[in-house]
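Participant: Dropping a structure here in structure tokens format, bear with me for questions.
Bear in mind these aren't lab numbers, they're just calculated from the coordinates by the rules spelled out. Note that the structure is a prediction, hence the values are computed from the model and not measured. With ideal geometry, Cβ positions are generated from the backbone for all residues, glycine too; neighbour counts draw on all protein chains shown.
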Amino acid sequence: MDFETKSNNNALERLKGMFGERTKTVRIFDSTLGAAEFAAGMQTYYNYIRPPQGIGGMVPAQMANIPINLVGHRWETMIGLASSK
């Protein structure tokens, strides 16, 4: 590990900010299942749905070469794909 190099935690701070924006209105979950479902939904949003920022106009799933074709309303397209399987 190079202790001379200044660390960069911008990606982590951005993720923290995104969760903070959403969770400040939620405040409390009724169960651990509710918290787990919320976390899974946020993970899906972050990796597949959210508008691309800073990585060449792509969401993280596209950068990882995961074959997705979400056009128009991305949530609706993803739900349609999931329910057709």
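Participant: So, in nm, how far is label Q43 from label I55 when the simple model puts each one 7 Å beyond its Cα toward the Cβ?
Facilitator: Label-label distance for Q43 and I55, simple model: 1.5 nm.
Participant: Percent relative contact order of segment 10-83, based on C-alpha pairs within less than 8 angstrom and at least six residues apart?
Facilitator: Reported relative contact order: 15 percent.
Participant: Turning to a different aspect of this structure: For q = 0.24, 0.27 Å⁻¹, what log10 I(q)/I(0) does segment 10-83 give under the Debye formula with an equal point scatterer on each alpha carbon and no solvent?
Facilitator: Normalising to I(0) and taking log10 leaves -1.22, -1.31.
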